Amino acid sequence: MMCSKIGLSSVVSGYGRVRIVDGVSTEVAPGEIVAVIGRNGVGKTTLMKTLIGEVPVKSGEIRLNGRDIGGLTAPRRARLGIGYVPQGRGIFSRLSVAANLGLGVGVGDAARSNFDRVFEFFPILEKRLQQPAGSMSGGEQQQLAIARILVGNPQVMLLDEPSEGIQPSIVQEIGRTIRRLRDQQDLTIIIVEQNLSLIQAVADRCLVMDRGRIIAEVRPDALNDPALAKEYLAI
Ligand SMILES: Nc1ncnc2c1ncn2[C@@H]1O[C@H](COP(=O)(O)OP(=O)(O)OP(=O)(O)O)[C@@H](O)[C@H]1O
Ligand SMILES: [Mg+2]
């Protein structure tokens, strides 16, 4: 499998006439895990939605392996291999785990093996297939949210605050899974996070966002400095 590269040049986006992402340029190398950190409301989620195509690019370029994808619709970007696990997970609470995964009747052998691959990473989900998604714990729901994106075989995965609403012990487990996914599925990962221990468990480096811009780049261990953590994270 191929690992993908993402590049942004002076990307501007927002809602209506309001600019939120205000000129972001960066490169994420194939197989890298980059954390986007920063206080509440600085535009982290808007940046992710711009990458996946839910928020239109006003100007600038988004490149996937050198090709400008900034003008493509969200479904087309998804087909090119960009998967987005939204903040708040975006799963259907009343539907079963199976339905959330698109694992219905009539799934053929090829698709079945794809699900088996996903269940290797998230064995709990296979045990809960008939359970309503909303009745699972926060950590299990987050695993489901990641799993349903993984089923589509992405090359790039965007994760938006996967630690939100999850107890600390499970956060570490999700961190290990994210690293395994990168190592074994050749994924390039951009993760928005404010949870220091998850950032340090997964990220190769951190991009610090403030008011729609990348204002600094730091190594995860630099956040052990309480002053930096206070400045860059909402803690
Ligand atoms: N659909 C929308 N319409 C208009 N403005 C929006 C919309 N979504 C977000 N915003 C605004 O864009 C700004 C950035 O929001 P965004 O959700 O991208 O920040 P964030 O860094 O992800 O915050 P958080 O850490 O709380 O998740 C905020 O001022 C927010 O109010
Ligand atoms: Mg957000």
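Bear in mind that the values in this text are calculations on the coordinates, not laboratory data. Predicted, not measured: the structure shown is a model, and the values here were computed from it. FYI the Cβ positions are ideal-geometry reconstructions off the backbone, even for glycines, and counts take in every protein chain you see.
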**OP:** Consider residue 130 carefully, then state whether it is more than 12 Å from the chain's Cα centre (by Cα), more than 16 Å from ligand 1 (Cβ to nearest atom) and in contact (Cβ under 8 Å) with a residue 60 or more places away in the chain.
**Re:** no
Original post:
Quick one: which of 4, 10, 59 is within 22 Å of residue 185 (Cβ to Cβ) and among the hydroxyl-bearing types (Ser, Thr, Tyr)?
Top reply: 4
Original post:
Which condition number does residue 78 fail, the rest of (1) in a helix (DSSP H, G or I); (2) in contact (Cβ under 8 Å) with a residue 60 or more places away in the chain; (3) within 16 Å of ligand 2 (Cβ to nearest atom) being met?
Top reply: (3)
Original post:
Of all the residues that make up region 78-88, how many are buried (at least 21 other Cβ atoms within 10 Å of the Cβ), over 19 Å from residue 43 (Cβ atoms) and either within 16 Å of ligand 1 (Cβ to nearest atom) or over 12 Å from the mean Cα position of the chain (by Cα) (or both)?
Top reply: 0
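Residues in region 14-24: is at least one more than 17 Å from residue 157 (Cβ to Cβ), acidic (Asp, Glu), away from ligand 1 (no atom under 16 Å from the Cβ) and touching a strand residue (DSSP E or B) at 6+ places or on another chain (Cβ under 7 Å)? Before you say what the answer is, go through the steps one by one.
Step one: of region 14-24, the residues more than 17 Å from residue 157 (Cβ to Cβ) are 14-24.
Now drop any that are not acidic (Asp, Glu), which leaves 22.
Checking which are away from ligand 1 (no atom under 16 Å from the Cβ) leaves us with none.
There is no residue in region 14-24 that is more than 17 Å from residue 157 (Cβ to Cβ), acidic (Asp, Glu), away from ligand 1 (no atom under 16 Å from the Cβ) and touching a strand residue (DSSP E or B) at 6+ places or on another chain (Cβ under 7 Å).
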**OP:** Output yes when any residue across region 52-75 is part of a helix (DSSP H, G or I), in contact with a helix residue (DSSP H, G or I) (Cβ under 8 Å, 6 or more places away or on another chain), of a type in the set (A, V, I, L, M, F, W, C) and within 16 Å of ligand 2 (Cβ to nearest atom), and no when none is.
**Re:** yes
